[in-house]
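Read through the structure below, which is laid out as structure tokens, and then see the notes.
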Amino acid sequence: MKLSNYYIPTLKEAPKDADTLSAKLMIRAGLIRKLASGLYEWLPLGLKVLKKVENIVREEMDRAGACEVWLPVVQPKELWEESSRWTYYGKELLRFADRKEAEFCLAPTAEEVMTDLVRKDTSSYKQLPFCLYQFGTKFRDEIRPRFGVMRAREFYMKDAYSFAATDEDASEWYKKMYDAYQRIFTRCGFEFKAVEADTGAIGGNFSHEFMVLAETGEDAIANCPACGYAANTEKAEIQAPADITINEADLKPMEKRATPKAYTVEDVAKMLNVPTEKLIKLLVFTADGKPVVALVRGDHELNEFKFKALLKCAELEKASEEVYTQVTGSFVGFAGAQGLKEKNPNITIYADNYVKNIVNGVSGGNEKDVHMINVTPRRDITVDVYADLKMASAGDKCAKCGAPFTFTRGIEAGHVFKLGTKYSAAMNATFLDEKQAAKPMIMGCYGIGISRVVAAAIEQSHDDNGIIWPAPLAPFDVALVAIDYDSNPDVKKHADEICAALEAKGITVLLDDRDERPGIKFKDMDLIGLPHRLVVSSRTVADGQCEYKSRKEKEAVRWNLSEAVEKLVALANK
């Protein structure tokens with residue numbers, strides 16, 4: 001393919017609103033253009049990469065035994081009401097009415113539609129298990145679209161759903177998809193890790209995220225080097241600290257201290273000259289409308305995913321200031337849990353395990369601009385439940401083996417869920433078992449963000465000059481740069497011959513035949529990031545040679561023109 005005939009509008013600078021490295025490079029390299037907030041146009045070079053990811057995924061899904069379907073992007077309200085998600089999904093669900101005032105939404109996912117499809121034609125255990133998948137456009141009306149195509153409102157993904165009659169068959173499909181994802185991300189050329197994860201809005205009882213490791217990743221991953229356990233920090237299970245022995249003689253009486261305008265943990269700690277781990281933060285939430293209180297150490301962050309799972313509630317929200325004051329009898333930021341249970345016996349107080357070992361700590365004083373010192377939870381606070389409620393952080397230990405966690409960062413590119421019967425039970429997707437009893441199908445859900453994978457590849461592999469594509473995803477295998485293509489017949493002859501010979505052997509080539517300065521050509525090719533670059537110029541041709549450089553290497557080497565094709569084929573087929 002001659003570059004002069006190809007649409008690759010490269011830019012020297014990225015737009016100011018491009019907020020991640022991948023977004024900047026995708027725009028500069030001519031892969032995408034922004035249409036509106038969270039909406040992107042995919043240009044020819046970007047689309048080639050997108051389709052390469054899609055083809056890898058399709059091959060591995062077919063290999064695993066799944067069958068491809070094609071579902072509408074417009075979905076009727078009635079299906080979402082059956083699953084109770086029409087309201088629960090929130091404002092991310094883009095709803096609209098047609099000319100007949102019938103209500104629909106743009107698909108953010110496909111649980112409802114796929115369940116409806118299967119329940120129409122599946123009635124017996126003899127038809128199960130099976131798995132269906134599709135590639136399609138999804139739309140989620142993100143309140144703050146960001147990170148380019150990684151958190152866009154419109155995106156392209158593969159979603160698959162398995163249906164089984166038994167837990168054993170459901171688990172077998174989960175493993176098939178887990179293994180397929182391992183193969184997919186290996187074939188994409190990624191360094192990645194599968195980690196335990198929260199199920200989020202999709203629901204279900206078990207899930208793994210496939211994280212492409214990158215320093216710029218939006219998610220933190222807790223890894224246990226001893227037993228191999230890994231989870232994102234929203235899910236990571238932390239070993240509870242051993243209870244310390246408290247010596248009564250060391251306990252001091254509680255005292256009030258004035259803390260005017262000290263609204264943050266850091267302000268209070270500085271004013272009272274105590275470390276932040278001595279502070280006890282009080283947080284008020286509503287769980288399915290019922291107020292609950294959570295306590296965490298001042299230097300820790302409450303993990304709302306763990307808290308929600310512990311409470312087994314459908315919705316967990318931070319309480320309004322009015323509810324906060326009603327529950328605590330104090331001002332926001334100055335409430336303390338000492339005596340709270342006695343004043344409000346109907347409230348349930350939960351505390352993170354680390355709170356239990358605080359001695360002579362600091363809590364809100366239940367008066368404006370006042371904090372209480374020498375608060376010891378085991379003596380002064382009636383806690384209903386101690387549990388693992390904190391976000392995993394440095395110093396925490398693995399709950400499975402007790403070894404300290406290490407932390408890396410990653411980008412979620414795929415997610416597999418054990419859904420159970422959440423959707424099949426709600427939508428009456430049943431089958432008749434051997435005894436002719438009706439039972440809900442047991443489901444699994446398996447998604448890969450195809451457009452997100454493209455951005456993740458760039459976040460993981462790049463340098464100061466541009467993209468460094470892993471070979472399986474590169475839009476072309478070889479960048480053939482012809483200097484003096486139009487002015488030197490020998491350059492044109494050798495460049496055309498090499499290009500034709502490579503393409504005859506299945507190697508894709510982007511031939512830069514433009515009448516541009518060498519520096520511009522080299523910069524563009526580094527920016528685009530093809531794995532191999534071959535330069536043919538008046539200078540090299542005169543010596544019967546060409547110049548080769550791997551995109552990953554800094555130095556170029558000279559090859560004889562006669563062996564260039566053979567060497568490139570060998571490198572490209574590695």
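Computed values, structure above
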{"quantity": "Thr348 versus Val73: modelled label distance in nm, points set 7 Å from Cα along the beta carbon direction", "calculated": "4.3 nm"}
{"quantity": "Two-decimal ratio, the range 5-101, of alpha-carbon radius of gyration to 2.2 N^0.38 Å", "calculated": "1.51"}
{"quantity": "Relative packing of 332-338, 374-380, which averages over residues the other C-beta atoms within 10 Å, highest first", "calculated": "332-338, 374-380"}
{"quantity": "Dipole-positive endmost among Leu79, Ile56, Phe104 within the range 1-106 (Cβ charges, Cα centre)", "calculated": "Ile56"}
{"quantity": "Calculated FRET value between Val385 and Ala500, using beta carbons and R₀ = 41 Å, to 0.05", "calculated": "0.05"}
{"quantity": "Linear extension gain, Glu218 paired with Asp463, 0.36 nm per residue minus alpha-carbon span", "calculated": "86.3 nm"}
{"quantity": "Only Lys, Arg (+1) and Asp, Glu (-1) charged, at Cβ; the range 476-572 dipole about Cα centre in debye", "calculated": "340 debye"}
{"quantity": "Gyration tensor (Cα) of the range 399-515, equivalent ellipsoid semi-axes in angstrom", "calculated": "53, 24, 11"}
{"quantity": "Packing rank of 60-72, 182-194, 93-105, where each peptide gets the mean count of other beta carbons within 10 Å, highest leading", "calculated": "182-194, 60-72, 93-105"}
{"quantity": "Estimated vicinal HN-Hα couplings, Hz - the range 135-145 in sequence order (Karplus 6.51, -1.76, 1.60; Gly, Pro = x)", "calculated": "10, x, 7, 10, 9, 10, 7, 4, 5, 9, x"}
{"quantity": "Computed over the range 1-73: relative contact order in percent, which uses C-alpha pairs under 8 Å that are six or more apart", "calculated": "22 percent"}
{"quantity": "Share of pairwise Cα separations in the range 476-572, more than 19 Å, in percent", "calculated": "32 percent"}
{"quantity": "20 Å binning of all Cα-Cα separations within the chain, expressed as whole percents from 0 upward", "calculated": "18, 40, 31, 10, 1"}
{"quantity": "In nm, spacing of pseudo-spin labels at Glu555 and Ser538 (7 Å Cα→C-beta vector)", "calculated": "2.9 nm"}
{"quantity": "Relative contact order (percent, whole number), the chain, Cα cutoff 8 Å, 6+ residue spacing", "calculated": "17 percent"}
{"quantity": "Global form of the range 112-251, assessed from the alpha-carbon gyration tensor, a/c cut-off 1.5", "calculated": "prolate"}
{"quantity": "Cα-based Rg of the range 275-353 normalised by 2.2 N^0.38 Å, two decimals", "calculated": "1.04"}
{"quantity": "Whole-Å semi-axes of the range 184-304's equivalent ellipsoid (Cα gyration tensor)", "calculated": "38, 19, 17"}
{"quantity": "Equivalent ellipsoid semi-axes, the range 285-409, via Cα gyration tensor eigenvalues times 5, rooted, Å", "calculated": "25, 19, 13"}
{"quantity": "Global geometry of the range 213-274, whether rounded, prolate or oblate, following the gyration tensor of its Cα atoms and the 1.5 cut on a/c", "calculated": "oblate"}
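Rule-based calculations on the coordinates, nothing more; no lab input. What you see is a predicted model; the values in this text were computed from it and never measured. In this analysis, Cβ positions are derived from the backbone assuming ideal geometry, glycine residues included, and neighbour counts consider all displayed protein chains.
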